[in-house]
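The values are calculated or read from the model by the stated rules, or taken from the named source; none is laboratory data. It should be emphasised that the depicted structure is a prediction, and the values quoted were computed from it without experimental measurement. Keep in mind that these areas ignore ligands, DNA and RNA; they rest on the heavy atoms of the full protein, side chains included. Shrake-Rupley method; radii C 1.70, N 1.55, O 1.52, S 1.80 Å.
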Amino acid sequence: MSAPQQPGYNAPVQGKSRMVAGLLNLLLGGIAAGDFYLGHMKVGAIRVAALVLGYVLMVIGGTSDSGALVGIGYLIVLVVGIAGLACAIMAFMGKWIYATDSNGVPTV
């Protein structure tokens, strides 16, 4: 007599959706929502830190006479936005870190 098994026991693990990760990166790319969705916390934290740095430089430059800080802040925010778009495209295609989630489960 064999022991009863739970439904789904030894069933293959269903990965997270690349489409959801891509849409999150497309719509909320500045805050790295797609990276956090897939569990890539380090990449997400770096992108959020860069975005915050850009905004801080814009505020500091706006309150002082230094226009260079504002320009650098705008440049950083622009680069983070372009990175969000690039990450959305890579997520849709399943490239780079978007082929798997942080646990190594392939995305679907």
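So the values come out like this:
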read-out	value
Stretch gain in nm, segment S17-F92, where the contour uses 0.36 nm per residue and the Cα spacing is subtracted	26.1 nm
J(HN,Hα) series, region 33-40, from Karplus relation 6.51 cos²θ - 1.76 cosθ + 1.60, nearest Hz, glycine and proline x	4, x, 5, 5, 4, 8, x, 7
Cα Rg over Rh - the chain, Kirkwood	1.25
Region 39-108 - percent relative contact order, Cα under 8 Å, separation 6 or more	28
Choice from G62, G94, G22 with maximal GNM fluctuation in the chain (Cα, 10 Å cutoff)	G62
Dimensionless Rg over Rh [region 51-94; C-alpha; Kirkwood]	1.21
Ranked order, K16, K95, K42 - accessible area, probe 1.4 Å, largest first	K42, K95, K16
Span-like helix ranges in the chain, DSSP H, alpha carbon extent 18 angstrom or more, Kyte mean at least 1.0	41-63, 67-93
Interchain or long-range residues, amide H under 5 Å from T100's placed H	T107
